[in-house]
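No lab work stands behind these numbers, since they all come straight from the coordinates. None of the values given here were measured: they were computed from a predicted structure. Cβ coordinates were reconstructed from backbone atoms using ideal geometry, including for glycine residues, and neighbour counts include every protein chain displayed.
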Amino acid sequence: MKPTIAVVTTTSGRSLSQLEASLESVDSQTRHVDAHYVLTDAIVDDDKQLPIQKLCESYGALYCRWPTKIGGPWWEARRLLAAVAPLINEDVTFFLNDDDWYKTNHVESLIQVIEAGFDWAYSFRSIYDEEAKFLFDDICEYRDWE
């Protein structure tokens, strides 16, 4: 039996176009995603909440806004990531920030690792600029630049 899959995205409401790119990337996966949860806290004010909710609904994502601020400066909704894990019913959970997106085979490639018998899997990021121009792969290597 194939594992069920959830993606959790937190948003601070900074850019609807970036959030839409995230939603689109989840919607375009070669492996079916069973649930996409988009979470935020009170960092998203009432004026921004409805457009985010409507965008999420258009992609079939479930939107949830916690009514108070969670976390400190630059940590908008981050504690929601820790809090939501026990509430998710799917077998495998992926995490995606609202200003990031997945390649179309991202979920499938990691699920293949899990289905091969591993308990978890991860991938490194590719870094792009605001115009979606590739800059470099984040491979966590130490390099002596001198």
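Quick rundown of the values:
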item: Residue match in region 61-80 (condition: touching a His at 6+ places or on another chain (Cβ under 7 Å) and of a type in the set (Gly, Ala, Ser)); result: yes
item: Residue that is surrounded by the most Cβ atoms within 10 Å (Cβ to Cβ) [pool: residues in region 82-114 that are touching a Pro at 6+ places or on another chain (Cβ under 9 Å) and not hydrophobic (A, V, I, L, M, F, W, C)]; result: Glu90
item: Helices (runs of 4 or more DSSP H) contained entirely in region 22-115, each with at least 1 residues that are within 24 Å of Ala132 (Cβ to Cβ), among the basic types (Lys, Arg) and without any contact (Cβ under 8 Å) to a residue 40 or more places away in the chain; result: 46-58
item: Subset tally (residues that are part of a loop (DSSP other than H, G, I, E, B) and either without any contact (Cβ under 8 Å) to a residue 60 or more places away in the chain or within 13 Å of the chain's Cα centre (by Cα) (or both)) for region 3-12; result: 2
